[in-house]
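Encoded as structure tokens, the structure appears first; notes follow it.
The values are calculated or read from the model by the stated rules, or taken from the named source; none is laboratory data. Note that this is a predicted model, so its numbers are computed, not measured. So basically every Cβ, Gly included, is an ideal-geometry build from the backbone, and we count neighbours across all protein chains shown. For accessibility, only protein heavy atoms count, side chains too; no ligands or nucleic acids. Shrake-Rupley method; radii C 1.70, N 1.55, O 1.52, S 1.80 Å.
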Amino acid sequence: MPSPRTKLSAPPRLPKNGMRITPLGGLGEVGRNMTVFEHAGKLMIVDCGVLFPEEHQPGIDVILPDFTSIRDRLQDIECIVLTHGHEDHIGGVPYLLKERADIPLIGSELTLAFLTAKLKEHRITPKTVQVEAGQKHRAGVFDLEFVAVNHSIPDSLAVAIRTKAGTVLCTGDFKMDQFPLDGRITDLRAFARLGEEGVDLFLTDSTNAEVPGFTMSERDLTPAIDRVFATSPRRIIVSSFASHVHRIQQVLDAAHAAGRKVAFVGRSMVRNMKIASDLDYLDIPKGLVVDFRKIQSMPDHKVTLICTGSQGEPMAALARMANGDHQIQVGEGDTVLMASSLIPGNENAIYGIINKLTDLGANIVHKGNAKVHVSGHASAGELVYCYNIVKPKNVMPVHGESKHLHANAELARKTGVPEKNVVIAQDGVTVDLIAGQAKISGKVEAGLVYVDGQTIGAATEDTLAERRLLSGGGVVTVVALIDPKTHKPVEPVEFLTKGFVHDKKTFQGAAAQVEKALVQTRTDGIDDIAKIEEIVVETVSTHLRRTYRREPAVMAVVIDA
């Protein structure tokens, strides 16, 4: 089987009784989950999420899967199946529906409720099909069966996909919590039954494949959370994902027991918790939750605020509090409880916020110093357990960075899955299931698509490189008024700067170099102003780099006198 690092070409035509699986996100990263299944000329998509930007991607709101490979086949899409309601699985749906609005969305009650509310903000009325665990559904050439799985959000589902090419079982994000808060455990009996029937390809959550043993139960967090509420002298500010219903339920229970009132802060938090409460996925004691405006006049020791920002997002409530530009002013004696995990790549942003809040006098409680978070993903022991129950013919690890995928693949091998039947792919790599064998067949375009304000895909890697250059070195603008006949400056060359530290001597050498370069353009017969400006930019950039080891963004304006 070719390595995904091997240079692959476009895949060949898919045989009639084959199935093609193409991950367009979620492999090699934690987020942006989207997998396309093709069979008999039709497509089905499982999940369509977003990836949150890292520090080296300034100005980007979210990152989408690349729809290029399916854009000319939008009418072939039978449906989008959504395994659960986290942003890294549903956040990209509005952008795909803008290209074809009537694609049916299949998911559980809470998942569809969260997504429908999100789509309303995009002015999209979706076509939805609500399903439950244990239910079967026919979507064109795809026979679907849904299986209950436990995760950090209620109503999560695995999906079995049956076609003439075979049966594929996708776990979605899952773990095997034996004492879940909502009493809904992962349905291992269904996994075993599917295994007896025969699973030709098993797509398994890899996020915690490196972690030995079993993931801790959500209930094991209760004592640590209760301790925070019993010992905090002033306000408690809890940051969490706006979809982390289980964790917020624990916080509500602890606040109620401690005699505190609760207010939700942030539009997405308020929206999602109202949906979860209305659908009875969140049990809120009467009178516990009050309006944010009302809670501001209450004594500090009676106040709990639940907000977004657990991943260091710059515009989220917690980051704005840390920077002092939120109406909630964090102060001495406040406790900040960070109740979510760290998404890889966000560590620096999160630690930066922790430091700022500490400087403001707050006591910070997070997974590094207290048992206040447990993962929503299966650890190695759980994955091995599933492999032994399902006994899949082929395995394709999904959802995770490369190290997670490889660790998961090794677990599959240890349970007896043959080496040739363990497929490690990357985003865009096509995997064909033909006659019971899964093999890499090619590659399609699957780059990062950046959302920057209202623009989608316009920002590129070059754009980000320019932004990093601006943030690191500032800007130098060179203005030259030249004689059109000789190209000599008729006035001294001017240097305008933003964010570039300099003194009176810094540009003396650069000015001489620019004059020399301008005269040379005349000698070389170059009269195109744009070309002359390029030469000026290169001249100044080279001089500053060689003389001062500085690399600002340089721009030039050359004007005929």
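Structural remarks
- The single condition among (1) part of a helix (DSSP H, G or I); (2) within 21 Å of Lys371 (Cβ to Cβ); (3) open to solvent by 20 Å² or more (accessible area, probe 1.4 Å) that Met216 does not meet is (1).
- All positions within segment 547-561 that are open to solvent by 70 Å² or more (accessible area, probe 1.4 Å), part of a strand (DSSP E or B) and modelled with pLDDT under 90: Asp560
- Check on Gly457, modelled with pLDDT under 95, more than 18 Å from Pro23 (Cα to Cα) and within 26 Å of the chain's Cα centre (by Cα): yes
- Residue that is farthest from Thr539 (Cα to Cα) [pool: residues in segment 486-513 that are under 49 Å from the mean Cα position of the chain (by Cα) and among the polar types (S, T, N, Q)]: Thr497
- Residues that are open to solvent by 50 Å² or more (accessible area, probe 1.4 Å) and modelled with pLDDT under 90, drawn from segment 507-526: Gln508
- Any pair with Cβ under 6 angstrom, 6 or more apart, that starts in segment 107-123 at a residue that is open to solvent by 30 Å² or more (accessible area, probe 1.4 Å) and ends at one that is part of a helix (DSSP H, G or I): His122/Pro94
- Here the helices (runs of 4 or more DSSP H) wholly within segment 226-295 that include at least 2 residues being modelled with pLDDT under 90 and open to solvent by 50 Å² or more (accessible area, probe 1.4 Å) are 292-295.
- Every residue from segment 296-332 that is at pLDDT 90 or above and either in contact with a strand residue (DSSP E or B) (Cβ under 8 Å, 6 or more places away or on another chain) or of a type in the set (Gly, Ala, Ser) (or both): Met298, Lys302, Val303, Thr304, Leu305, Ile306
- Residues of segment 448-492 satisfying the condition of being closer than 20 Å to Arg550 by Cα, open to solvent by 60 Å² or more (accessible area, probe 1.4 Å) and of a type in the set (A, V, I, L, M): Leu469, Leu470
- The set of residues in segment 155-194 being modelled with pLDDT of 95 or more, charged (D, E, K, R), surrounded by 18 or more Cβ atoms within 10 Å (Cβ to Cβ) and more than 24 Å from Gly49 (Cα to Cα) consists of Asp187 alone.
- Restricted to segment 428-447, and to residues there that are among the hydrophobic types (A, V, I, L, M, F, W, C) and open to solvent by 30 Å² or more (accessible area, probe 1.4 Å), the residue that is nearest to the chain's Cα centre (by Cα) is Val444.
Residues checked against (1) among the β-branched types (Val, Ile, Thr); (2) within 21 Å of the chain's Cα centre (by Cα):
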{"site": "Pro94", "(1), (2)": "no, yes"}
{"site": "Leu97", "(1), (2)": "no, yes"}
{"site": "Ile103", "(1), (2)": "yes, no"}
{"site": "Gly107", "(1), (2)": "no, yes"}
{"site": "Leu112", "(1), (2)": "no, yes"}
{"site": "Leu115", "(1), (2)": "no, yes"}
{"site": "Arg123", "(1), (2)": "no, no"}
{"site": "Lys127", "(1), (2)": "no, no"}
{"site": "His137", "(1), (2)": "no, no"}
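- Complete set of residues in segment 60-80 that are over 15 Å from the mean Cα position of the chain (by Cα) and outside any helix (DSSP H, G or I): Phe67, Ile77, Glu78, Cys79, Ile80
- Count of segment 442-457 residues, restricted to those that are in contact with a strand residue (DSSP E or B) (Cβ under 7 Å, 6 or more places away or on another chain) and either aromatic (Phe, Trp, Tyr) or in a loop (DSSP other than H, G, I, E, B) (or both), is 5.
- Some residue of segment 535-545 being assigned to a strand (DSSP E or B), within 30 Å of His56 (Cα to Cα), touching a strand residue (DSSP E or B) at 6+ places or on another chain (Cβ under 7 Å) and without any contact (Cβ under 8 Å) to a residue 40 or more places away in the chain: no
- Close pairs (8 angstrom Cβ cut-off, 6 or more residues apart or separate chains): more than 17 Å from Gly172 (Cβ to Cβ) and hydrophobic (A, V, I, L, M, F, W, C) in segment 383-407, modelled with pLDDT of 95 or more and not in a loop (DSSP other than H, G, I, E, B) anywhere: Val384/Leu411; Val384/Lys414; Ala407/Ala380
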